[in-house]
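Below is one structure, written out as structure tokens; the observations come after it.
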Amino acid sequence: MTKLESESVDRLCKEKGWLNMDVDKLDADADLYAELGVTSEATEEEVKKVYRKLVLKYHPDKLSGKSDDEKAAAQDKFQRLVTAYEILSNPHSRAKYDTRAKGGEQDDVLLNVTLKESVLGATKLAPVSYMKKCEPCKGVGMTCSPC
């Protein structure tokens with residue numbers, strides 16, 4: 001992707017309000033990795049490489065001569081690609097998305113450390129109990145035999 005094409009994509013995304021998507025505003029069944037065609041183990045570079053190829057393919061300016069239905073479908077796909085890339089390219093957003101996709105929130109764990117350990121660094125093990133969500137009843141309980 002050339003610098004001019006990259007700037008064109010950024011400008012279009014800002015105009016349409018597609019940037020700065022919040023992970024919490026995504027559909028519950030949104031699979032960002034599938035949208036880009038990468039696995040959850042993909043590196044930032046792999047995500048970026050795939051994103052650039054797909055953006056060029058589905059960019060609205062590249063669809064001259066297509067029917068209105070094809071243009072609308074491509075624009076929708078383009079918007080989903082931008083959203084997926086924005087979240088998966090930001091390590092903080094990606095971690096938040098991965099946590100949500102696995103079906104739970106991670107709680108903070110408080111540990112007591114000494115000043116010396118905090119300055120010099122230390123490794124401590126912290127036992128963390130958690131409850132696994134029951135698949136048959138989706139965590140409601142009392143409605144299935146395992147619960």
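Look at (1) open to solvent by 40 Å² or more (accessible area, probe 1.4 Å); (2) at pLDDT 80 or above and you find that Leu32 fails only one, number (1).
Restricting Val38, Val82, Val50 to residues that are open to solvent by less than 70 Å² (accessible area, probe 1.4 Å), β-branched (Val, Ile, Thr), over 13 Å from the mean Cα position of the chain (by Cα) and modelled with pLDDT of 85 or more narrows the list to Val50. Going by what's in this entry, would Lys71 be described as open to solvent by 60 Å² or more (accessible area, probe 1.4 Å), more than 19 Å from Lys96 (Cβ to Cβ) and at pLDDT below 80? For Lys71, the condition - open to solvent by 60 Å² or more (accessible area, probe 1.4 Å), more than 19 Å from Lys96 (Cβ to Cβ) and at pLDDT below 80 - is not met. Glu45 fulfils the conditions (1) at pLDDT 85 or above; (2) open to solvent by 90 Å² or more (accessible area, probe 1.4 Å); (3) over 16 Å from the mean Cα position of the chain (by Cα) except for a single criterion, (3). If the condition is being part of a helix (DSSP H, G or I) and closer than 19 Å to Ala95 by Cα, then region 41-69 contributes Glu44, Glu45, Glu46, Val47, Lys48, Tyr51.
The values are calculated or read from the model by the stated rules, or taken from the named source; none is laboratory data. On a predicted model such as this, the values are computed, not experimentally measured, just so you know. Because the Cβ atoms are built from the backbone with ideal geometry, glycine has one as well, and the counts that use them run over all protein chains shown. Heads up: the accessible areas ignore ligands, DNA and RNA and are worked out on the full protein's heavy atoms, side chains in. Shrake-Rupley method; radii C 1.70, N 1.55, O 1.52, S 1.80 Å.
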